[in-house]
Amino acid sequence: MLNETDRRIAAVLMASPRASWRTVAEVLDLSERTIVRRAAPLLHDGTLRPTAVRNPARFPRIVPMVLRIRCRPKRIKAIAAGLARRPDTVWVDILGGGTEISSVLFLDGAEARNTLLLRDLPATADVLSWEAYDLMKVFPAGFAWSGGLLSTQEFETLATFTHDPIAAPTIQPFDEALIDHLAADARAGYSELAAALDTSASTVRRRLETLLAAHMLRLACEVDLAQLGIATEALLWIATGPAALEQAGTTLSRHPQVRFTAATTGSANLLVAVAAENLDALYTFLTTTVGALDDLRSLEVTPILASVKRTGRTRP
């Protein structure tokens, strides 16, 4: 587990992956030299992994989907690893009693979805069954997440996210290339990105600011949550009445223990990824926050046993 200072540095970078060292120092009331000395090794050895992922709501061609795959236990690690190697998987987790995988995929069109469901999965040895849910809406409040390790004032000081996006710009090949470079390293400097894209640093800065303001992509900084003292992760499969769905998704997505919230098709219409300090904290979240939702009709809680891929980055 990281010490308290390193955990708080990680929390700032999770909430604002491109924050300058000066900004991190000001938020945490530490010297910039201390921040650099503590954070640089964490970035260098892969403890902190800055990355970026497209927002499917802003890319009409992307088909966002979540799979629940039931497998024979002896093959579950191999199947999860195979899913993680796919470039279109965003999250891959092993759930429950070690017989089920959950994966979020951003598929390149309807043909890619049909190929996966009608050819690839049926041909995979030891896959017993699966359920596929379309992600109708990903609630954007989770785009800036700090694991609950920052105070409200510290979090608001970062001001990394606005709930009202500007109009989506027309995506150009330059934008796609920029996003791909940020997926590899979301903290790459403007000059470094400009050299890779054969343009100027000012052009990169302006275009990235536009893409972020339009919610075209989400910047993230991945870290093994156990190193932050977060020992319990779970997926919640919630069913609410249609009239209550929007408010439930908005409320849950803004909770400090919630990493991801999406409205889905299927028997459950809301998928929520929760990261809590321990089982007691998860219980409190379920009985107070989830329990207070209007028109809650059903709830299934599936613990996450192992994370194989997060935000497009395979876990080391």
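Each Lys and Arg adds +1 at its Cβ and each Asp and Glu adds -1 at its Cβ; summed about the Cα centre, the chain shows a dipole of about 660 debye.
Simple rule: put +1 on each Lys or Arg Cβ and -1 on each Asp or Glu Cβ in the stretch 167-316, find the dipole, and look at A231, A201, G291; the Cα lying farthest toward the positive end is A201. With respect to the chain, whose longest principal axis is taken over its alpha-carbon atoms, helix 32-44 is tilted by about 40°.
Short-range pairs are left out: with C-alpha atoms under 8 Å and at least six residues apart, the relative contact order of the chain is 26 percent. For the stretch 61-70, backbone phi angles converted through the Karplus equation (6.51, -1.76, 1.60; θ = phi - 60°) give residue-by-residue couplings of 6, 5, 9, x, 8, 10, 10, 10, 10, 9 Hz, Gly and Pro being listed as x.
Can you grab the distance from the C-alpha centre of the stretch 169-227 to the C-alpha centre of the stretch 68-97, Å, no decimals? Centre-to-centre (Cα) distance: 28 Å.
Taking 7 Å steps out from each Cα toward its Cβ at A231 and A184 produces label points 3.9 nm apart. For M136, the residues whose amide H sits under 5 Å from its own are A263, T264, T265, ignoring neighbours fewer than 5 places away on the same chain, with H placed 1.01 Å from N. Averaged over its residues, the chain has an accessible area of 46 Å² per residue, based on protein heavy atoms and a 1.4 Å probe.
Projecting the Cα atoms of A19, A52, P73 onto the dipole axis of the stretch 15-101, where Lys and Arg carry +1 and Asp and Glu carry -1 at the beta carbon, places P73 farthest toward the positive end.
Once the Cβ-Cβ distance of T23 and T124 is raised to the sixth power relative to R0 = 35 Å, the FRET efficiency obtained is 0.15. Heavy-atom surface analysis with a 1.4 Å probe gives the stretch 139-220 a carbon and sulfur content of 51 percent of its accessible area. Available extension along the chain between A177 and R297 is 38.9 nm, counting 0.36 nm per residue and deducting the alpha carbon span. With K and R counted +1 and D and E -1, the other residues having a Cβ less than 10 Å from that of P50 yield a net charge of +2. In terms of its Cα atoms, the stretch 17-136 spans 55, 37, 20 Å along the principal axes, sorted from long to short. For trypsin sites (Lys or Arg not before Pro), the sites in the stretch 26-110 that DSSP calls loop and that have at most 13 other Cβ atoms within 10 Å are R61.
Cα extents for the stretch 1-67 along the principal axes, largest to smallest and rounded to whole angstrom: 45, 24, 18.
Phi angles of the stretch 109-118 translate, via the Karplus equation with coefficients 6.51, -1.76, 1.60 and θ = phi - 60°, into HN-Hα couplings of x, 5, 5, 5, 4, 5, 4, 5, 7, 9 Hz per residue; Gly and Pro are given as x.
Taking 0.36 nm per residue of separation and subtracting the current Cα-Cα distance, fully stretching the chain between D134 and A239 would add 36.3 nm. Close amide H partners of L48, meaning residues 5 or more places away or on another chain with modelled amide H under 5 Å apart, are L43. A simple spin-label model places pseudo-atoms 7 Å from Cα toward Cβ; at Q247 and T34 they are separated by 4.4 nm. Note on the chain: Rg/Rh from C-alpha atoms, Kirkwood Rh, equals 0.95. Database remark: amide H of A214 closer than 5 angstrom to the amide H of I166 (H placed geometrically; neighbours at sequence offset of 5 or more, or on other chains; Pro and chain starts carry no H). In order along the stretch 20-29, the phi-based Karplus estimate (6.51 cos²θ - 1.76 cosθ + 1.60, θ = phi - 60°) of 3J(HN,Hα) comes to 5, 4, 5, 5, 4, 4, 5, 5, 8, 6 Hz; Gly and Pro are listed as x. Per residue of the chain, the DSSP helices (runs of n ≥ 4 H) give a summed -39500 (n - 2.57) that works out to -10000 deg cm²/dmol at 222 nm.
In this rough spin-label picture, where each label sits 7 Å from Cα along the Cβ direction, the S267-T157 distance is 4.8 nm.
The values are calculated or read from the model by the stated rules, or taken from the named source; none is laboratory data. Bear in mind the structure is a predicted one, so any value in this text is a computation, not a measurement. Every residue, glycine among them, receives a Cβ derived from its backbone with ideal geometry; neighbour counts consider all protein chains shown. Please note that ligands, DNA and RNA were not included when accessible areas were found on the heavy atoms of the full protein model with its side chains. Shrake-Rupley method; radii C 1.70, N 1.55, O 1.52, S 1.80 Å.
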